[in-house]
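For reference, the structure is listed below as structure tokens.
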Amino acid sequence: MSQPTIESILEEKRLFAPSQEFAQQAHIKSQQEYQDLYETARANPEQFWANLAEQELDWFEKWDQVLDWNPPFAKWFVGGKLNISYNCLDRHLTSWRKNKAALIWEGEPGDSRTYTYAQLHREVCLMANVLKQLGVEKGDRVGIYLPMIPEAAIAMLACARIGAAHSAVFGGFSAEALKTRLVDAEAKLVITADGGFRKDKVVSLKPEVDKALADNGAPTVENVLVVQRSEEKVHMEPGRDHWWHDLKAGVSADCPPEPMDSEDLLFILYTSGTTGKPKGVVHTTGGYNLYTHVTLKWAFDLKDTDVYWCTADVGWITGHSYIVYGPLSNGATTVMYEGAPRPSNPGCIWDVIEKYGVTIFYTAPTAIRSFIKMGEHHPNARDLSSLRILGTVGEPINPEAWMWYHRIIGQEKCPIVDTWWQTETGGFMITPLPGATSTKPGSATLPFPGIMADVVDLDGNPVQPNEGGYLVVTYPWPGMMRTVYGDPVRFRRTYWEHIAPKDGQYFYFAGDGARKDEDGYFWIMGRVDDVINVAGHRLGTMEVESALVSHPAVAEAAVVGRQNEVKGEEVCAFVTLEKDYEGHEELSNELKQHVANEIGAIACPGEVRFTDALPKTRSGKIMRRLLRNLASGEEIAGDTSTLEDRSVLDKLRGGS
Ligand code: WTA
């Protein structure tokens, strides 16, 4: 179950065309229709998006200008007024959808809740009024640190309703990681829960918030709103902490949506990059609403009869765009599951599909590889016949995993939609349209209509078919990130200068390597920067290194990714110690735990290797390339002539 390599991908020639039966009923019915849409969009992207914005969304006031492109800063639907919570909720209340299931939630211990559109609207209005009562105003930022419970979606929509921006932090992140994000966003309030259930354990959340806020750690936070979920006893700071169920009982359910400017901040979401602390990716209202709506509708061929389930956590972009905003804007039924496969219930995923008759299932290659390991007897023992489309995201999918997904879960009848995109892109960028695109195992296929994607060299020149290069986007799109929160310079530098603009042409640099084959299909090769993709989660090597060196025993640390059978990649850390410390297993475990405390369990190194020195260039730069070779037990590849001290390499090879 290896990751795709250039060789395996070049050899991959299988082609799976949509069945005629599927294509006939799809929104986009043929390759020709896709090509026509693509051409129309390419010829006049602004008109293309404006038409869709008019058809698909409700606006309080129409825009004056479709696109204001002042590279690298884009504004979409300038002057338009709307509210995404209105598009996700209110507008469905005037039709039969009022009593349709909007959100079906399954808790890990076996409890469940279903909210109709009318009920979800009511909950959102109640929370919006509670936020107002606690002093949250339009333009403020609200931290969300919640488990996978309906209140996570309710909280996001409640913020959007009153014009406050949310900044969700994945519930698996530590107090330290939460604190940095709250500080950077200058959050006024945090919405959290006592705890949540995950793999038969209670994950504590409120105590982490307490730690983050201790000693005035995040001084802008005035109040904490706490959802009761795990029913553990938690400390409630008088005057600061409030139970959601208490305050909810005292507010009205009437809360008109705030008319928002199309370019008003909708949310910030932190993500890892090559350098420095995580970046606050900024998404605004109108373009993001349109983009998540249309991409989901076409790429997952979303219909009113679908029961759509995305297994991501709401704390990541996939949860934002494709558990909450995209599905609800379309009036779909979205499923949210709190749990994960665990020894006491390894088949829980298939139970959820069977129980609710899920028709569209969207997960990550890591999850698929773990399903393979657990054995096909689990899915085979359930009735999965409701499924009609399968999706994947987060990392390159190896053709073997793709084929298993196709055969065992899809019973060879469900198109596989491999969606390439990023926190920064807001929504799908390269993806099959299931009624139109013939798929190839391991390829995300073709750009979405309106997306000008390419593979280029460092000078911005397109490379030859099947030649590797940098994945870029050459024209703005409505769902693109607008800036790095509070740091427009970093936005420009990170994404728009890596490949220098030429002749007025700007290149959005995604950080991924890719190749296009002779049919123009994209094959994503993984990150070309110092980002490690562990189980579909992005980690910056710098973040993990900073966490390691904050331990008193560590003098210097260098972290690289290496292949892992299930997780795609895992963290391998090379560490030199301060004098008086000795590298042994106990210390290695302590350091792993230390990283988990500083960042979260996802960042925990799979291996810590102690060494006397790290391989550096004469200018003092750590040669990660060599460490990557060493970590995966490969021969040292490429040039080592810039290495300052060659004996370091021999020692490292010896496996000190
Ligand atoms: C990787 C997740 C290959 C890629 C939506 C990207 C993928 C990073 C795919 C973004 C895919 C995502 N095939 N690689 N289908 N989808 N990636 O911001 O390296 O958490 O740059 O967004 O995941 O991760 P992020």
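The values are calculated or read from the model by the stated rules, or taken from the named source; none is laboratory data. Keep in mind it's a predicted model, so treat the numbers as computed, not measured. When we count neighbours, we look across all protein chains shown, and the Cβ atoms used for this are built from the backbone with ideal geometry, even at glycine. Ligands, DNA and RNA are excluded from the accessible area calculation, which covers all protein heavy atoms including side chains. Shrake-Rupley method; radii C 1.70, N 1.55, O 1.52, S 1.80 Å.
Things to note:
- The single residue among GLU585, GLU635, GLU644 that is open to solvent by 50 Å² or more (accessible area, probe 1.4 Å), closer than 28 Å to SER174 by Cα and either in contact with a His (Cβ under 8 Å, 6 or more places away or on another chain) or charged (D, E, K, R) (or both) turns out to be GLU585.
- When residues of the stretch 163-203 are limited to those that are of a type in the set (Val, Ile, Thr) and open to solvent by 10 Å² or more (accessible area, probe 1.4 Å), the one farthest from the chain's Cα centre (by Cα): VAL202
- Residue within the stretch 593-603 that is without any contact (Cβ under 8 Å) to a residue 40 or more places away in the chain and either within 30 Å of LYS279 (Cα to Cα) or part of a strand (DSSP E or B) (or both) present: yes
- Residue check for TYR495: within 16 Å of the ligand (Cβ to nearest atom) and in contact with a Lys or Arg (Cβ under 8 Å, 6 or more places away or on another chain): no
- Some residue of the stretch 362-374 being more than 14 Å from the ligand (Cβ to nearest atom) and touching a Leu at 6+ places or on another chain (Cβ under 8 Å): no
- When ALA573, ALA558 are checked against the criterion of being touching a Pro at 6+ places or on another chain (Cβ under 6 Å) and open to solvent by less than 20 Å² (accessible area, probe 1.4 Å), a single residue qualifies: ALA573.
- Any chance ALA312 is within 13 Å of the ligand (Cβ to nearest atom), part of a loop (DSSP other than H, G, I, E, B) and of a type in the set (A, V, I, L, M): yes
- Each residue in the stretch 516-530 was checked for being away from the ligand (no atom under 12 Å from the Cβ) and surrounded by 18 or more Cβ atoms within 10 Å (Cβ to Cβ), and 3 of them qualify.
- Flag not set for LEU89, criterion: modelled with pLDDT of 95 or more, open to solvent by 10 Å² or more (accessible area, probe 1.4 Å) and touching a helix residue (DSSP H, G or I) at 6+ places or on another chain (Cβ under 7 Å).
- Where a residue in the stretch 531-546 is on the phi > 0 side of the Ramachandran plot and its partner, wherever it lies, is of a type outside the set (Gly, Ala, Ser) and near the ligand (Cβ under 7 Å from one of its atoms), with Cβ under 6 Å and at least six apart: GLY536/GLU395
- Exactly one residue among TRP420, TRP404 is of a type in the set (A, V, I, L, M, F, W, C), within 29 Å of TRP49 (Cα to Cα), at pLDDT 95 or above and out of contact with any Gly (no Cβ under 6 Å at 6 or more places or on another chain), and that residue is TRP420.
- Summed over the stretch 197-226, the residues that are β-branched (Val, Ile, Thr) and touching a His at 6+ places or on another chain (Cβ under 8 Å) give a count of 2.
- Any hit, the stretch 274-288, residues being in a loop (DSSP other than H, G, I, E, B) and either open to solvent by less than 20 Å² (accessible area, probe 1.4 Å) or at pLDDT 95 or above (or both): no
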